[in-house]
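What follows is a short report on a single structure.
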Amino acid sequence: MKINKRYLSESVLIDYVVPVIIVAAIAIILFVKATTMAFPKNDTRETFYSLANGFEDYYKFKTAWRPRLFSTGLAAWTVSISTRLIEDNLIFSAETPLELAVGLWTAFWFIIIALSLVWFFKRRSLFYIFGIFAGISFGYMDIARMKLALRLYPWDMPALFFFTIFVLFFIQKRYLWLLVIIPLGVGFKESIMILCFAFLVAELPWKKRLYLFFLAGLLSLGLKVILDIFVHVPLVFTMETGSEQTFREYNLASFGKITPFFINAGTLVSFFILPSLGNKNIVALKLIAIPFIAGNLLFGIITEYRIWFEIIPFALYALDVRVYGDPLIE
């Protein structure tokens, strides 16, 4: 059987070359935008430089953030590289090591997220790439009327990466890979532990579901406890509540504004009102998203839109299936 070379070259062009060009273009824009968010007097600098003076200073770092050691550690390494690049005048679009580090960090994580999608979805990845870009832009745009300091934390993009990779493996039923992905992700941000619930809705016999759920939970909890001990914080539960006004009170008041209903560029609300119509993957993702949303309502500030990034790949997969058909059976 002869292979049509013209068809093959066009297929490679559309499946890989075009998406990669778009990934590169968006990554450049995100790099530039992120450098403008690197203010020296807000939490962005504090988190990226949290390990700059060693662990003695890190032990004084905010309790809720300290266990995210994989994120802060890699961010510190990025700052170190950025400092050398700035000293050698190799990057001219960033004026300080902090700006360069934040720009490189954001662009790097977007690139590996997008290339993972290209590898799996090929030309169809464009829907996800543009969707993720829209969600990130929504979360990082200036909303001056909200009176919130514009911040970019080193765990935002890694969390989005792990949730994206989770979706790719979950819909392919590669459940054993999740036993690696989920515990590893907990070292970047503890909310990734919620993905352990995926095993309870996996297409497996109930005994195996329970076994994998408890195994994933033990591995994730084990790593969390090790990190908590290492960074000197209370074991397991390290979230903090507000002092003057609780997060719950603030969040309830925030629903009086229209903007929270368009979180992640409208994909979050669309995700839940979208009919599942018997699609087991969509039903499973909705069930997994419920405890995540509950956690944000209880312990997050819902108008800090970056905390919703993790649900972007859930919503995009559901929209993709309902608009264009199941990518697994093309």
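Here are the numbers:
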read-out	value
Helical mean residue ellipticity (222 nm; -39500 (n - 2.57) per DSSP H run of 4+; nearest 500) of the chain	-19500 deg cm²/dmol
Cβ-based charge dipole, the chain, positive-most Cα from 201, 299, 288	201
Whole-number percent relative contact order across the chain, with pairs defined as alpha carbons under 8 Å at least 6 apart	21 percent
Choice from 176, 219, 100 with maximal GNM fluctuation in the chain (Cα, 10 Å cutoff)	176
Positive-end residue, the chain charge dipole about Cα centroid, Cβ charges, pick of 27, 159, 213	213
Percent of Cα-Cα distances greater than 30 Å, calculated over the chain	37 percent
Residue 323 versus residue 84: modelled label distance in nm, points set 7 Å from Cα along the beta carbon direction	4.3 nm
Proximal aspartates and glutamates to residue 60, defined as alpha-carbon separation beneath 12 angstrom and excluding residues fewer than eight positions away on the same chain	46
Taking the C-alpha atoms of segment 148-212, convex hull volume expressed per residue in Å³	89 Å³
Span-rule helices in the chain, defined as complete DSSP H runs reaching 20 Å or more along the axis (Cα) with Kyte mean at least 1.0	18-35, 97-121, 125-140, 156-171, 206-230, 280-299
Computed over segment 54-170, Kirkwood Rh from alpha-carbon pairs, angstrom	16.2 Å
Potential lengthening between residue 254 and residue 13 on full extension [0.36 nm per residue; Cα-Cα distance subtracted]	82.2 nm
Dipole magnitude (debye, nearest 20) for the chain, charges at Cβ of Lys, Arg, Asp, Glu	980 debye
27 Å Cα-Cα threshold exceeded, pairs from 33/280; 122/189; 173/286; 62/286	33/280; 122/189; 62/286
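Only the coordinates and a few stated rules stand behind these numbers; no lab work does. This one's a predicted model, so the numbers in the text were calculated from it and none came from an experiment. As a convention, Cβ positions derive from the backbone with ideal geometry for all residues, glycine included, and neighbour counts pool all protein chains shown.
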